[in-house]
Amino acid sequence: MDRQLARILVSTGFRSSRELGELLQMLKSQCSADEYERLKPPIADAIAKITNATFDPAFAAYPDLRDEVEAQIAKYGRFA
C-alpha cells in the first residue's frame, strides 16, 4: 500500500471507532444499566478489532505515520 492509502486506512479506523464510541454513549443514556452492560463488551471488542485491523498494518508499513497522526490529533483534536 502507498502512504496515502495508509492514511485512509487509519482515518477510516478512527471514524468507525468514533461512531461506535458515540453509540456506546447513546446506549448508556437510553438503555437500562443491565442492558448497557450486556451490550458494552462486544462493542468495545469491535472497536479494538477495528483499531488493530486498520492501525497496525498502516503503522507497520509507515512507522513515521504514527507521529504524523499524533501531531494532527494534538493540533486539531482528530485525524483527517
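The values are calculated or read from the model by the stated rules, or taken from the named source; none is laboratory data. Just so it is clear, the structure is predicted and the values come from calculations on it, not from any experiment. Cβ placement follows ideal geometry from the backbone for every residue including glycine, while neighbour counts extend to all protein chains displayed.
Which residues, counting only those in segment 20-34, are surrounded by 12 or more Cβ atoms within 10 Å (Cβ to Cβ) and either assigned to a helix (DSSP H, G or I) or in contact (Cβ under 8 Å) with a residue 12 or more places away in the chain (or both)? Quick ask: steps written out before the conclusion?
Step one: of segment 20-34, the residues surrounded by 12 or more Cβ atoms within 10 Å (Cβ to Cβ) are 20-21, 23-24, 27-28, 31.
The answer is 20, 21, 23, 24, 27, 28.
The set of residues in segment 52-66 being under 17 Å from residue 80 (Cβ atoms) and part of a loop (DSSP other than H, G, I, E, B) consists of 62, 64.
Each residue in segment 71-80 was checked for being farther than 15 Å from residue 9 by Cα and either in a helix (DSSP H, G or I) or touching a residue at least 40 places away in the same chain (Cβ under 8 Å) (or both), and 6 of them qualify. With the condition kept exactly as written, say whether any residue in segment 65-78 is exposed (fewer than 13 other Cβ atoms within 10 Å of the Cβ) and within 15 Å of residue 5 (Cβ to Cβ). No: segment 65-78 contains no residue that is exposed (fewer than 13 other Cβ atoms within 10 Å of the Cβ) and within 15 Å of residue 5 (Cβ to Cβ).
Would you check if residue 56 is over 18 Å from residue 2 (Cβ atoms), exposed (fewer than 14 other Cβ atoms within 10 Å of the Cβ) and at pLDDT 95 or above? Break it down stepwise before answering.
Numbers: over 18 Å from residue 2 (Cβ atoms): no; exposed (fewer than 14 other Cβ atoms within 10 Å of the Cβ): yes; at pLDDT 95 or above: yes.
In short, no.
Residue-level check: of (1) within 14 Å of residue 59 (Cα to Cα); (2) touching a Phe, Trp or Tyr at 6+ places or on another chain (Cβ under 9 Å); (3) without any contact (Cβ under 8 Å) to a residue 60 or more places away in the chain, residue 5 misses just (2).
Select, from 43, 47, the only residue that is surrounded by 12 or more Cβ atoms within 10 Å (Cβ to Cβ) and over 14 Å from residue 14 (Cα atoms). Just one listed residue meets the conditions, 43.
Name every residue in segment 1-13 that is out of contact with any Ser or Thr (no Cβ under 8 Å at 6 or more places or on another chain) and either among the hydrophobic types (A, V, I, L, M, F, W, C) or part of a helix (DSSP H, G or I) (or both), in order of residue number. Write out each step before concluding.
Going through segment 1-13, the residues out of contact with any Ser or Thr (no Cβ under 8 Å at 6 or more places or on another chain) turn out to be 1-8, 11.
Of everything in segment 1-13, those that are out of contact with any Ser or Thr (no Cβ under 8 Å at 6 or more places or on another chain) and either among the hydrophobic types (A, V, I, L, M, F, W, C) or part of a helix (DSSP H, G or I) (or both) turn out to be 1, 3, 4, 5, 6, 7, 8, 11.
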